Amino acid sequence: MSFPKNFFWGASSSCAQVEGAYDVDGKGLTNWDTRRQNPGCCSFHYGSDFYHHYKEDIALMAEMGFKMFRLSISWARILPEGEGEINPKGIEFYKNVFAECHKYGIEPLVTIFHFDMPVALLEKYGSWANRKMIDAYVNYCKVLFENFKDDVNYWLTNNEYNVMIFYGAIDMSTGQPSDLNRLYNEGHNELVAMAKAIHLCHEMCPNAKIGPAPNIDTAYPATTNPLDYIAALDMNDLRNNMWLDPLVFGTYPASVNKYFKNHDIKLDIQDGDMEIMKTCKPDFIGFNCYGNSTVEHLDYYKIDWSEMAGADNRNMSYLMKMMEKPGLGKSVPNPLLPKAETDGHSYDPYCIRVTARRLSERYRLPLIITENGYGRPDTLEADGTIHDDYRIEHLRGMIREMEKGIEEGALLFGYCPWSAMDLVSTREGITKRYGFIYVDRDEDDEKAKTAEMKRYRKDSFYWYKKVIASNGADLD
Ligand code: BG6
């Protein structure tokens, strides 16, 4: 058996996608509450109503045998204006959630910031491009560490801070081409903010562990053409390494500096920034990993983003287009990846195995999977069952390869796929489901406002329970 004895089996969530109660008990608004949705998709206002169902949800997680539950804290529930006055009801809510987890021996893995930014801060400071955002974030972290130092042993700084930037050639909120210079400066400031949070956590919560949670993959070269191999190396630097190297080594990869120079991107690196990052010493690396990419050399230098303005970001081709990096590489389909038997989708069961080995060699730090999985519509049958064989097949393949990765040296200490219960997808409403626990609601916000949102156990619920009970040995 390859899974370590105290391996953290669990699953993940984020506050904006599960909590609902967007305007309840003093919570301030976030950009997710006010965000424009894709046509036909519900808002994030009611989520899966975890705010009122957390006891039932955590009991179901305990029934599955969870050792860990990843959730995020809503900045605007704690600090409705983003800074200043603390909302006692917000503190109380998370205290109750953590107590409920500990009652069952489940470790909360707590993300400090998972995409949802208080509107009040955006109005005051604009975006992460403004360095005042760093201070606001560090102040928020201080409130969290002060209030939850006895409740939380595992912290994650920011979720997928690399994704918005790497895939951000089109601004999601306007649908128009972005200013790349501003975008990468946002990324730099977020890295500095996270490094400061890591320092602060070590000072204020000496027994807790803290790490980042980017989305990390590995680029496969599309062919044996050396230029494709170089494109894959560069893509790994730009999409992945530049978001971890500063926090571990205090440097940006050289190929990224070259890319910035070629594209007139100038980071506003201030005195002390690199030193703060170099010395912060994350205790582990959390990373979301859904699949690796396959990359081909791209020798032209200009992409006309205007033709993508307003394009539908739900299409796979949209994300692939956003990976086109002039003069470097582009993402292409990989015909060699296996197809799932149940629904024929092509997926990459090797992604964690390959990426966790790569990160273990590069950083020599413990690793935890903070997201992985497959979202699709599920059907609630008349007898209350949900047959999500495709999900079982998908996760089985991942876990099988992950185990091999551990045998080969991947320093993994936990696996928290996406997601514990159904939740509102970032781009595809509640129709696209990821959970082991089914939540009975649809896209209709009016109905969701008062819906009971009954929970049901999917087939994958019972399967995952067996996986956990056998510490990954029984995957049938
Ligand atoms: C990750 C995010 O990018 O992917 C989650 O951290 C998100 O918040 C998940 O839900 C799946 O993406 P989507 O768009 O299907 O919800």
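The values are calculated or read from the model by the stated rules, or taken from the named source; none is laboratory data. Predicted model only: the values in this text are computed from it and were never measured. Because the Cβ atoms are built from the backbone with ideal geometry, glycine has one as well, and the counts that use them run over all protein chains shown. The protein model used for the area step is the full one, side chains on, heavy atoms only, and it has no ligands, DNA or RNA in it. Shrake-Rupley method; radii C 1.70, N 1.55, O 1.52, S 1.80 Å.
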With (1) farther than 30 Å from Asp135 by Cβ; (2) without any contact (Cβ under 8 Å) to a residue 24 or more places away in the chain as the list, and Phe3 as the residue in question, which single condition is left unmet? (2)
Only one of Asp459, Asp422, Asp444 is out of contact with any helix residue (DSSP H, G or I) (no Cβ under 7 Å at 6 or more places or on another chain), more than 30 Å from Gly211 (Cβ to Cβ) and modelled with pLDDT of 95 or more; which? Asp444
Report yes if Ala76 is hydrophobic (A, V, I, L, M, F, W, C) and within 22 Å of Asn139 (Cα to Cα), otherwise no. yes
Kindly indicate whether Asn189 is open to solvent by 10 Å² or more (accessible area, probe 1.4 Å), away from the ligand (no atom under 16 Å from the Cβ) and not small (Gly, Ala, Ser). no
Candidate set: the range 404-425, residues that are surrounded by fewer than 20 Cβ atoms within 10 Å (Cβ to Cβ) and over 13 Å from Cys351 (Cβ atoms); chosen: the one nearest to the ligand (Cβ to nearest atom): Phe413
Any chance you could count how many residues in the range 423-476 are of a type in the set (Gly, Ala, Ser), in contact with an Asp or Glu (Cβ under 7 Å, 6 or more places away or on another chain) and under 17 Å from Asp378 (Cβ atoms)? 3
Checked pairs for the range 79-94, first farther than 21 Å from Asp135 by Cβ, second open to solvent by 60 Å² or more (accessible area, probe 1.4 Å) and among the acidic types (Asp, Glu), C-beta under 8 Å and 6 or more apart or across chains, list as Lys89/Asp25; Phe93/Asp25
Here are some residues: Gly472, Gly429, Gly384. Which one is at positive phi and open to solvent by 10 Å² or more (accessible area, probe 1.4 Å)? Gly384
The one condition in (1) in a loop (DSSP other than H, G, I, E, B); (2) more than 13 Å from the ligand (Cβ to nearest atom); (3) of a type in the set (Gly, Ala, Ser); (4) touching a helix residue (DSSP H, G or I) at 6+ places or on another chain (Cβ under 8 Å) that Gly47 fails to fulfil: (2)
Tyr300 modelled with pLDDT under 85 and either more than 21 Å from Leu183 (Cα to Cα) or out of contact with any Gly (no Cβ under 9 Å at 6 or more places or on another chain) (or both): yes
What number of residues in the range 1-44 are in contact with a Lys or Arg (Cβ under 8 Å, 6 or more places away or on another chain), away from the ligand (no atom under 16 Å from the Cβ), at pLDDT 95 or above and in a loop (DSSP other than H, G, I, E, B)? 7
Asp135 vs. criteria of a type in the set (Asp, Glu), within 16 Å of the ligand (Cβ to nearest atom) and either in contact with a Lys or Arg (Cβ under 7 Å, 6 or more places away or on another chain) or modelled with pLDDT of 95 or more (or both): no
Restricting attention to the range 432-460, the residues that are surrounded by fewer than 19 Cβ atoms within 10 Å (Cβ to Cβ), in a helix (DSSP H, G or I) and touching a residue at least 24 places away in the same chain (Cβ under 8 Å) number exactly 3
Pick from the range 228-276, criterion without any contact (Cβ under 8 Å) to a residue 60 or more places away in the chain and part of a loop (DSSP other than H, G, I, E, B), ranking: nearest to Pro212 (Cα to Cα): Gly250
Spot the failing condition for Thr223; the list is (1) modelled with pLDDT of 95 or more; (2) open to solvent by less than 10 Å² (accessible area, probe 1.4 Å); (3) not acidic (Asp, Glu); (4) not in a helix (DSSP H, G or I), and only one is missed. (2)
Among the residues of the range 335-384, the number that are more than 16 Å from the ligand (Cβ to nearest atom) and under 26 Å from Glu407 (Cα atoms) is 22
Whether any residue in the range 106-123 is out of contact with any Gly (no Cβ under 6 Å at 6 or more places or on another chain) and of a type in the set (Gly, Ala, Ser) is what I want to check. no
Test of understanding: among Ile165, Ile134, Ile198, Ile112, which residue is farther than 21 Å from Asn288 by Cα, open to solvent by less than 50 Å² (accessible area, probe 1.4 Å) and outside any loop (DSSP other than H, G, I, E, B)? Ile134
List the pairs whose first member sits in the range 320-332 and is at negative phi and modelled with pLDDT of 90 or more, whose second member is part of a loop (DSSP other than H, G, I, E, B) and among the acidic types (Asp, Glu), and whose Cβ atoms are under 6 Å apart, counting only residues at least 6 apart or on separate chains? Lys330/Glu324
Of all residues making up the range 350-370, the number that are under 19 Å from the mean Cα position of the chain (by Cα) and open to solvent by less than 10 Å² (accessible area, probe 1.4 Å): 9
Within the range 115-131, track down each residue that is open to solvent by 10 Å² or more (accessible area, probe 1.4 Å) and either in contact with a helix residue (DSSP H, G or I) (Cβ under 9 Å, 6 or more places away or on another chain) or among the hydroxyl-bearing types (Ser, Thr, Tyr) (or both). Phe115, Val119, Ala120, Leu122, Lys124, Tyr125, Gly126, Ser127, Trp128, Ala129, Asn130, Arg131
